[in-house]
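Taking it in order: structure first as structure tokens, then the write-up.
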Amino acid sequence: MHVPVQAIDREIWRDGAASEGTRLIPEETPLALTYNGGTYAVMMGTPQNLEDFAVGFSLSEGLVRSVDDIQSLEVVRLDDGIELRMWLASEDAGRISERRRHIAGPTGCGICGIDSIAEAVRPAAVVTQGQSFTPEQIMAAMQAIAPLQSINLQTRAVHAAAFWSPSNGIAALREDVGRHNALDKLAGALARSRTDASGGMVLLTSRVSVEMVQKTAAIGAPVMVAVSAPTALAVRTAEAAGITLIAIARQDGFEVFSHGGRVVARHATEVADVA
């Protein structure tokens, strides 16, 4: 099925007694990414915002340099999955043929199928200085996510990635059963809308592993904020990429693991504005 949420019958046991009913749960579908007729990867994901996913995956994997490099994109719904069919210029197609991995990515997969250690820990893009933020802005941004997670409000079973800026608040939010897919979908949405990410923050409802930092760097956001803890490699990668990595974000605070200079007290920003 190609709808993002399904109503499934189930038997409920509570307090030693059984009852019946239905529960809304997220769908999980094979998503094949093909370029110029050849399959590059098959990922498991939520069948929603698929154009964003195709563009974001292509950018974060370095298969294209710009959304304009994708000459055409078609979502083809098949009986057993969905094909995201893209056509690129010949020079881009040649580069992909050298890197094609024919990977099958489970839902939790971020860099599944990488065939060398060097590729798995490749340096992330270095971001520009970008915007600074107050603690109040950071906590308000994270608290704004939950009401906008339409699938998670129904199922309590998907991740979200969002982009927040001082001028627009939550400018884009994407959901998926896979946290990497959610971030790729966000990357695609920002690229397709020509959004300059240097003025905002990437927000995550998941933990931060190295590939999440690499994808955020590719987006160009100077700050990423997550509800869970990062890995040590993610912290080192964020430090090298110039990204402010904030994690364990709760209603009462958060922890900063790299480039803390972008987190400034309210009075500091007010003084800067006056100056």
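Please treat every number below as a calculation from the coordinates, not as lab data. Everything numeric here is computed off the predicted structure, so don't read it as measured data. Glycine also receives a Cβ, built like all others from the backbone with ideal geometry; neighbour counts cover every protein chain displayed.
As a size descriptor, the averaged projected area of the C-alpha convex hull of the stretch 135-274 was calculated at 8.1 nm². Stokes-Einstein diffusion for the chain, with the hydrodynamic radius set to the Kirkwood value over Cα pairs and evaluated at 20 °C in a medium of 1.002 mPa s, equals 109 µm²/s. Based on Cα contacts under 8 Å between residues 6+ apart, the stretch 135-274 shows a relative contact order of 19 percent.
Would you mind classifying the stretch 137-194 by shape? Square roots of the alpha carbon gyration tensor eigenvalues, ordered a ≥ b ≥ c; an a/c under 1.5 is rounded, otherwise it is prolate if a/b is larger than b/c and oblate if not.
Because a/c hits 1.5 or more and a/b fails to exceed b/c, the stretch 137-194 counts as oblate.
Entry note, the chain: relative contact order of 18 percent, from Cα contacts under 8 Å with a spacing of 6+ residues.
To check you understand DSSP bridge types, tell me what percent of the beta bridges within the chain (both residues inside) are antiparallel, rounded to 5.
70
Scalar couplings 3J(HN,Hα) for the stretch 229-238, obtained by applying the Karplus form with A = 6.51, B = -1.76, C = 1.60 to θ = phi - 60°, are 7, x, 7, 5, 5, 4, 5, 4, 5, 5 Hz; x denotes Gly and Pro.
In order along the stretch 22-35, phi translates into HN-Hα couplings of 10, 9, 7, 9, x, 7, 9, 9, x, 10, 8, 9, 10, 10 Hz, rounded to whole numbers, per the Karplus curve 6.51 cos²θ - 1.76 cosθ + 1.60 with θ = phi - 60° and x for Gly and Pro.
Neighbour counts of other Cβ atoms within 10 Å put TRP164, TRP87 in the fewest-to-most order TRP87, TRP164.
Database remark: amide H of ALA125 closer than 5 angstrom to the amide H of ALA218 (H placed geometrically; neighbours at sequence offset of 5 or more, or on other chains; Pro and chain starts carry no H). Its Cα centre serving as origin, the stretch 135-274 has a Cβ charge dipole (Lys and Arg +1, Asp and Glu -1) of approximately 340 debye. Under 5 Å between amide hydrogens, built in the peptide plane, is the criterion, and for ALA172 it picks out PHE163 among residues at least 5 positions away or on other chains. Think of the chain as having a plus end and a minus end, set by charges on the Cβ of Lys, Arg, Asp and Glu; of TYR40, VAL263, VAL127, VAL263 sits farthest toward the positive end of this dipole.
Averaging the Cα positions of each part gives two centres, and for the stretch 166-215 and the stretch 1-72 these lie 16 Å apart. Straightening the chain between GLU136 and ARG23 buys 37.0 nm, computed as 0.36 nm per residue apart minus the Cα-Cα spacing.
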